[in-house]
Amino acid sequence: MSPIVEISNVRKKFLGTPVLDGVTLKIEAGDRIAMLGPNGAGKTTLVRSMLGFYHLDGGTIRVLGRDPVRERVEVLKAIGFIPQLPPPVKLSIDELLMYVERSSGVAAEAIVAQAGRMDLDLKAHASKPFFKLSGGMKQKLLIAIALARRSRLFVFDEPTASLDPKARELFYRLLTELDYDYSAIYITHRLEELEGLVNRKVYMELGKVVEDEPITA
């Protein structure tokens, strides 16, 4: 079986400074990776490159065998991405749910149900613009959308940064209750929170993967 993600000798510079410096990494079906490293290590640039945000300076990335830049629409259909900073979406909650339903085929009610499991009542905020929600509410809604889509690959960039302890617990519980095989990348500084959820640890520093090893139960 082909890898879910295959990254080969990837290089990327910003303003002449290397941010990714020869990164090679494979993510197989069922891999659930904690991606660690200091700020500026290249973690977010790497996952955003997987999502087709950037043209590479060298190397290749394939997600489910596809080029994330040239075949971005198809790649994004398979990925549930939760950014560290939610986008400044001006749509109301109802409009956002309608957009997701039309673009991905996921029923709005499925998203409402997932949000409810994180103690977020979307119907009570239906007419409110997304950008006016609190940070925690935005994060809960983005998580609900990703989980409702039943994505083959989840990419979580500090997904619990805006969540209080109870919401973090609910989020991790929902992940343990998923009833299908998925792969995941968690960019995090809290490895201890992911105990039981990840089976592999990747550590990045100065744009390189310096450690890649399994996590045993």
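The values are calculated or read from the model by the stated rules, or taken from the named source; none is laboratory data. Predicted model, so just to flag it, every value in this text is computed and none were measured. Every residue, glycine among them, receives a Cβ derived from its backbone with ideal geometry; neighbour counts consider all protein chains shown.
Odds and ends about this structure:
- In the set 30, 59, only one residue is touching a residue at least 60 places away in the same chain (Cβ under 8 Å) and either in a loop (DSSP other than H, G, I, E, B) or more than 26 Å from residue 140 (Cα to Cα) (or both); that residue is 30.
- Here the range 12-71 is the region considered, the condition is being hydrophobic (A, V, I, L, M, F, W, C) and on the phi > 0 side of the Ramachandran plot, and the residue that is surrounded by the fewest Cβ atoms within 10 Å (Cβ to Cβ) is 15.
- Residues that are modelled with pLDDT of 90 or more, not in a helix (DSSP H, G or I) and not hydrophobic (A, V, I, L, M, F, W, C), drawn from the range 91-133: 92, 117, 119, 121, 127, 128, 129
- The condition (being at pLDDT below 90 and of a type outside the set (Lys, Arg)) is satisfied by just one residue among 214, 165: 165.
- Checking each residue in the range 134-152 for being in a loop (DSSP other than H, G, I, E, B) and over 18 Å from residue 185 (Cα atoms) picks out only 134.
- Count of the range 81-105 residues which are in contact (Cβ under 8 Å) with a residue 12 or more places away in the chain and within 20 Å of residue 131 (Cα to Cα): 15
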